[in-house]
Every structure is written in structure tokens, then in C-alpha cells.
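First comes the structure, then the notes that go with it.
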Amino acid sequence: MKNKKKNEKLPLPQILNLDDDFSLIKRFIEGDESTFSMLVQRHKEKVRNIIYLTLNNHDLVDDIAQEVFLTVYKNLGSFRFESQFTTWLYRITVNKCKDHLRKMKIRQIFSPIRDNEVELGYESAPENSDIKEIVHEAIAKLPDKLRVPLLLKDIEGLSYQEISESIQCEIGTVKSRIFRAREGLKELLKPYKQELL
Amino acid sequence: MESFYKKYERLSAYIDNELSEEEVKKLEEELKFSKEFQDKLEELKRIKALTASSIKPIEENPFFETRLAAGLKIKTPWYRRIKNYSPVIGIATVSILLMVLLKYNPQIIDKVVEQQKSNLTAFYKENLKPLLFTANLSNEDIFNFAFYHQLPLDEKKKQCLQFGSDKNGKQFFEIKSGSIVQNADNLKQFENELNLSSDQRRQMDSILSSYKKDIATQVLVNDKNTVAINPNIWNYNKALTADLISFASRVSRRKLQNIIPPEFSHLYSQKDLNRMVNAVRTARTNKYIFLTPDSIFSEQYSFNQEEFNKEMQKWSNDMQNNMKEFTKQFGNFNVNFGNSLAKLKKDSSWERDFDVYIDSNICRVHIPAIVIPQINIPDMNELRENIDSITSNMRNFYFNFPEHSKGKNYSYKYFYNDSSKGFNFNFKAFGFDSSFTAKNHKLDSLMKKRFKNFNNGFNPDSLASIFKYFMQDSTSSSRQNDIKQQMDQFKKQMQQFEKEMEQMQKELRKSMPQSQPKKPVEI
């Protein structure tokens, strides 16, 4: 009897995997809002990384990630369980990043032109440059529509299917864009061919 | 045949483990036999590795969840949520308020419009002064007003106020340019025709003077370019004409009958006349017609004669010292009815009250909506023909024909817009001599009596343009004379030059050494 009482008092061990996202959401919908923090805990780093890779800006990561999870919190009640939670989450994240990029572009229209704006093109190899930094800069120079799927694949390890759902396009398009991104990167890194490629 | 691009794309997908088993098998077969394919695969693998190693994962933020939790607790206040809808809410509120306001007070818009109107009219009614008072109307002007219905406004610009009525009996006034009756001694000629004694002339002057002040205050102006005209001026015109004819009848009925048909003379008994004149002078019509740069409207306005007289007295006392100020106050009025009124006419509502005709040098206002106190005075228009005939020598328009056309039957053709409205001006038919005098204000009567066809499409303004045409023609003829004179002068100069040249040749021959005749050579 005592053991039985002890078993009742102890919380049940929660061994969660990706499939458990649905059960957490169900509990949230039923009124257990504490499950939301568990969802945040599980996916926050992925979300933050996607934002960082997409915007290439440390300072904006947490603000936009906050916006992403606030949106998830408001809309979780209407989640339809038709796709993975992560697909839905990444889509929200990518859309928030797109919104931000759009706002930045509008601001740029009204901001004065700077002389030191860097143009996409070949550059001579700087001496003693850090290889990682060179590649990072080259990736940053890729257009958004090529850079985002490339990073989601090579850094975050998302499948083509997940990427296509996140950025809302066909798998064939994702496949093509990733290849074009790699080709673009090869062109950008041509000055460093001997050291890198 | 698969393109290289598609093949390489498959390689890219291959390194991402995104190909099906079948595709992988096929690709690996191809790789065995193609060095180029293998090199590309290696290149893509290196790029993938570089990409993966280039970006460090972002550092964790230990406060992320705490901040998020705080953000979730702060509920957006209601006023912030409303803020997003503020434009819609604002428009809806204003619309509802307007609807409620108009439901319970439908007259409010009319009231506001009326208020604005009254503000505007008050603005234009400020500081109105009689224009004709300062125009120093002479007895001659008053006489011309009686018989030619015209009062001078601005002698410099040759602008005048013309009163009249059209063939439908509608009365109108018009501000006209370039057709002012100049001092043609019409009054003097009239007096001479009646052979008035000096006493009778004094009586005539007295009659004219007695009307002068009243007529002068019927047209008011101010510094805002407003002209206010009292319609009662028409009755003054009738009464004055009747008064003058009555006086003439008393002086010499026989001579007056040369001017006025006998059937009219019985109308002007002294008793009737006094009654009519009194009726005119006591008829107080305070509804003036205002012509402003913005609009034309009729409004009640009472001109305070006594106050004005006092002011004038004061001004006249100061006039000698402040002559400049005086002219600034009264002398710089500019009647301007050109572009501004023409533009306004397009979208104005004047047509409800007034018929307004605006031309390059005329502004005519018909006033059917205003009731002018009618006094039983016969229409003087028919008498005007007779008055015209006795004053026919007092003309102010001269037309010069070229000298060589003297005695010949010349005619001018004039077409207005199209041939259907044209007319011939045949000099011989009118018995014109080498030059004739005509009076432009007589044209109105000509139009009625002799040139009835002129009514089809012609108005006084157009007639003025006809005369411009003639004037241009006469100037061209005078220019021909000038050219002829210049040619004569040039001929004379050439003749003089020829003579001088001949003289020079003679002198040159004289100065040349005489050559000796050569002797024959003997062989």
C-alpha cells in the first residue's frame, strides 16, 4: 500500500521525442499551459539558429525568437496536427525573418546611400584571413532565397521536405536552390581556390 | 539527354542524402565511368563541408525563457489593441455623428452655408462709397444718362455703366469698355435746339442737379473691387427723362414736337410729373446688386447718406492737405470683370438669379429676380430715336475714308464667324459722303430700328468689334497715305540726287585735261 502511495506521489517520468510534440500541444489545448515552456525548451535553439543563419545578425536573434514563440503561443490552440510541429514552427520562424528583411529593405529605400556598401563579386585574397570568416562572408553575400535553404540543410540538417514546408515552395525548387547556392559559393570563393577548394 | 546542370543537381542532392535508392544506384554507376563527375562530386562535398564548418552555432541565452514568460504574462492592453483600428473607428464615429446631427438638425448645412455667405457678403459690403459721387458727374453726364442710359465709371479706361432692356423687356445693366459717351455737348445742343433763355437754362441745370446727388449714390464701390448697384436707378432714369421732356414741353411745345411725337406730350402734365418724381424719390429699394470678384449676388444694404455727407465734409476740409490720401481712398477703384468672373461663371449658381454675359470688354447682368418698383412712366425707348436725331451732330466717333474713294459707291463686307451672320455696309445707300460721323451709342438704336437682322447673333459688344474692324481699316488707309507721302519724298530725294550727279559729271569733265588730236604719221 505504501509503495502504491509513493508511486502516486512521484511524477511520471517524461521521456519525450519529436513525436511527443503532438501530445504536449494536446495538453496545452486542454489547458495545461506549462507544456508550452517544454516546447520552447526543446525548439528554442533551433529557432534561434535559423534566425541567426537567415539574418546573419546576432543582435536580432532573441527579439525575433521571442516574437516567434509569442505567435506560436497565440496560435497553438488552432494547430491542426496535419504536419510536424517543427515544420509549422520553422515556417513561422522563416516568415518572421522574411518580415524583418522586408522592413529592412523598405528602410534602406529611405536611408542615405553609403559609400562603403559591399557589392557582390570577386575580391582579391586577403592575407592571413580566417578561412571560416571568409566562407561566412561569402555565404552572407548569397541572395536570401539561396542562402536560407542552404543553411537550413548544411547547418540545421533539415530535410528537403522540411525546408520546402518552411519556406513554402516545391522540393524540386529546394533541390535546385541548394545546388545553385553551392555553385554561387564556389564562384565567390574562387580567389581562395588554392587554399579552400 | 540530361543536361550537366541537372546531373550536378543530382550530385548535390546525393551528398545531402536526398535521392531514392534507385537514383543512388544509377548515379553511383555513372560515377564509376566519369572522372569529371567524380571531380564535381568532390568539389560539392568540399563546399558542403566548408559551409557546415564556417558557422558556429549561436550561444545559448539563459534568460530567453524568463523573458518569454514575462512577455506572455504582459497582455496587450485594450487601448493598444484598439490603436490598430483607430482610423476605422475614427471614420465610423465621425460618420455616425454626422448622421445623427443631420437626422435631428437637417438645416445645419444650409445654416453653415448661409453663415458663410453672410460673412462673405458682410466682407464685400464694408466701406462702400458712392462711385459716381467722386466721378464728379456733370450736368452733361446726367443728361446723357437720361437719354443714352449711360454713366461714366472710369474715364481713363473708358469704362461706363450702361442700362437697358432687351427685346424681351428684361432689364439689365452692363459695365462696358471703350464705348463711353464723351463730352459731346449733347446738353448744349439740346438747349440750343429749344432756344432756351438764360433763365430757362438755369432751370434746366437745376433739374439736372437735383437728380445728380440721388443718382450718384445709386452705384457704390469699395476697396475690395465690389460694385453695388441699386436697381432703383432705372426709375430715376425714367423720372429724369420725363422731367426733362416736361420742362421742354413747357418751354416750347412746338419745338419739342420736332423731337417727341405729339401723342406723348399730354402725358407730362405738371401734376402727373410731380407724382411720378415723388414716387421715384420715395421708393426705397435697399436691395442692391453686388458685383464682386468672387460672385454676383443681391443683398439688402442701406447706404447712410447723412453719415457719408459728414465724412465727405470732413474729407473736403482735409482735402487740400491730404490730396494724395483722398485719391487713394476714392480714386483708385478698378472695375475688373475679365478673367476672374469668366472663370467663376463656369461653376457658379448665378444663373438661378442672374443672367450674366461676360465678354472681353463687357459684363452684362440681367436681373429678373429683383423687383424694381414700377412707376407708371411710358417707355422712352421710342423717344430716344427722336432725341438721337436732334443730337446727330454731336458725335464722338469718326470714320475716315481714303481720299480716292470720294463719291464712289463703296461697300465693306463683314462676316461674323460664318457667312450667315455677315452683312454689307453700303456707304452710298446711307448717303455717306467722303467722311461721316457716327456715334457708337447710337448703334443700339440702329440695331433695333434699321438693322433688325443684327439681332441674329450680334450684341453691342460684337458691334464694337465691327467698329474696331473699321477703325483698323481706316488706320490702314492712313498708313497708305503715309507710305505715299514717304514715296513722294523718296522720289524727290532721288531727283535731287540725279541732279547732283549730273552736276558732278559736268564739273569732272571740266577739270579733265583736254587731249590733243593726233597728227597723221607720214610714211
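Observations on the structure shown:
- Considering the stretch A:42-54, and only residues there that are touching a helix residue (DSSP H, G or I) at 6+ places or on another chain (Cβ under 6 Å) and within 19 Å of A:I139 (Cβ to Cβ), the residue that is farthest from the other protein chains (Cβ to nearest Cβ) turns out to be A:T54.
- Odd one out for B:L27 among (1) among the aliphatic types (A, V, I, L, M); (2) in contact (Cβ under 8 Å) with a residue 12 or more places away in the chain; (3) closer than 21 Å to A:L185 by Cβ: (3)
- Number of positions in the stretch B:53-74 that are more than 9 Å from chain A (Cβ to nearest Cβ) and not in a loop (DSSP other than H, G, I, E, B): 3
- Look at (1) in contact with a helix residue (DSSP H, G or I) (Cβ under 6 Å, 6 or more places away or on another chain); (2) surrounded by fewer than 19 Cβ atoms within 10 Å (Cβ to Cβ); (3) under 23 Å from B:K287 (Cβ atoms) and you find that B:D166 fails only one, number (1).
- Applying the criterion of being within 16 Å of A:I92 (Cβ to Cβ) and polar (S, T, N, Q) to the residues of the stretch A:163-178, the residue that is farthest from the other protein chains (Cβ to nearest Cβ) is A:Q168.
- Close Cβ contacts (under 9 Å, 6 or more residues apart or on different chains) running from residues in the stretch B:289-302 that are closer than 10 Å to B:I229 by Cβ and at pLDDT 80 or above to residues that are surrounded by 17 or more Cβ atoms within 10 Å (Cβ to Cβ) and charged (D, E, K, R) comprise B:F290/B:K125.
- Qualifying positions in the stretch A:135-148 - more than 11 Å from chain B (Cβ to nearest Cβ) and among the aliphatic types (A, V, I, L, M): A:L146, A:V148
- Scope the stretch A:58-78; condition within 11 Å of chain B (Cβ to nearest Cβ) and either charged (D, E, K, R) or not in a helix (DSSP H, G or I) (or both); matching residues: A:D62, A:D63, A:E67, A:K74
- Of residues in the stretch A:46-97 being closer than 25 Å to A:E30 by Cβ, over 14 Å from the mean Cα position of the chain (by Cα) and of a type in the set (D, E, K, R), the one modelled with the highest pLDDT: A:K74
- The stretch B:21-30, subset surrounded by fewer than 17 Cβ atoms within 10 Å (Cβ to Cβ) and within 21 Å of A:R180 (Cα to Cα), residue nearest to the other protein chains (Cβ to nearest Cβ): B:E23
- Residue check: A:L151 meets all listed conditions (1) at pLDDT below 90; (2) facing chain B (nearest Cβ under 8 Å); (3) over 26 Å from A:L89 (Cα atoms) but one, namely (3).
- Condition broken by B:S86, with the remaining ones in (1) closer than 30 Å to A:H58 by Cβ; (2) more than 14 Å from chain A (Cβ to nearest Cβ) satisfied: (1)
- Check on B:E43, within 9 Å of chain A (Cβ to nearest Cβ), in contact with a helix residue (DSSP H, G or I) (Cβ under 9 Å, 6 or more places away or on another chain) and more than 25 Å from A:T173 (Cβ to Cβ): no
- Residue in the stretch B:21-43 that is among the small types (G, A, S) and assigned to a helix (DSSP H, G or I) present: no
- Criterion violated by B:R10 - all others in (1) crowded, with 17+ Cβ neighbours inside 10 Å; (2) within 9 Å of chain A (Cβ to nearest Cβ); (3) of a type outside the set (S, T, Y); (4) under 26 Å from A:K132 (Cβ atoms) satisfied: (4)
- Scope the stretch B:73-90; condition surrounded by 10 or more Cβ atoms within 10 Å (Cβ to Cβ) and at pLDDT 80 or above; matching residues: B:Y85, B:S86, B:I89, B:G90
The values are calculated or read from the model by the stated rules, or taken from the named source; none is laboratory data. Here the structure is a predicted model, which is why all the values come from computation and not from measurement. Cβ sites come from the backbone with ideal geometry, for glycine too, and all protein chains shown count toward neighbours.
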